1. I'm checking my understanding of the structure. Among residues of the range 1-32 that are without any contact (Cβ under 8 Å) to a residue 12 or more places away in the chain and under 20 Å from VAL61 (Cβ atoms), which one is most open to solvent (accessible area, probe 1.4 Å)?
2. Give the number of residues within the range 15-48 that are hydrophobic (A, V, I, L, M, F, W, C) and either in a loop (DSSP other than H, G, I, E, B) or touching a Lys or Arg at 6+ places or on another chain (Cβ under 8 Å) (or both).
3. So which of GLY33, GLY41 is touching a helix residue (DSSP H, G or I) at 6+ places or on another chain (Cβ under 9 Å) and over 24 Å from PRO70 (Cβ atoms)?
4. What are the pairs, 6+ residues apart or on separate chains, where a residue within the range 46-73 that is open to solvent by 50 Å² or more (accessible area, probe 1.4 Å) has its Cβ under 7 Å from a residue that is modelled with pLDDT under 70?
Amino acid sequence: MHGLMKRGLTKQEAADYCGCNTLAAFDRWQQKGIVPAAIPGTNRWDRKALDAALDRASGLVTESNQELTPYQRWKAENARKTEAA
């Protein structure tokens, strides 16, 4: 199992993974809805759920582009960048 990237993270691991310097900062992110709570009935955070939550918080995934293919999302993002230029 050496080198295996685990999916269920402890609170400290989840905080580190998200870039929070302290558990208190991770708690604040959770209270603000930036990151999800632990998997129900456990003391573990799902790495994929953290990724999805951070993608939404960063604006990488929105309601309008959530169902798009990766190519469609890339095309939409580049179209917006071209319009802004």
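The values are calculated or read from the model by the stated rules, or taken from the named source; none is laboratory data. This structure is a prediction, so every number in the text was calculated from the model and none was measured. Positions of Cβ are generated from backbone atoms using ideal geometry, with glycine treated the same way; all protein chains shown enter the neighbour counts. Calculation scope for accessible area: heavy atoms of the full protein, side chains included, ligands and nucleic acids excluded. Shrake-Rupley method; radii C 1.70, N 1.55, O 1.52, S 1.80 Å.
1. Within the range 1-32, the match that is most open to solvent (accessible area, probe 1.4 Å) is LYS32.
2. So the answer is 9.
3. From the options GLY33, GLY41, the qualifying one is GLY33.
4. From residues that are open to solvent by 50 Å² or more (accessible area, probe 1.4 Å), the pairs are ARG73/ASN65.
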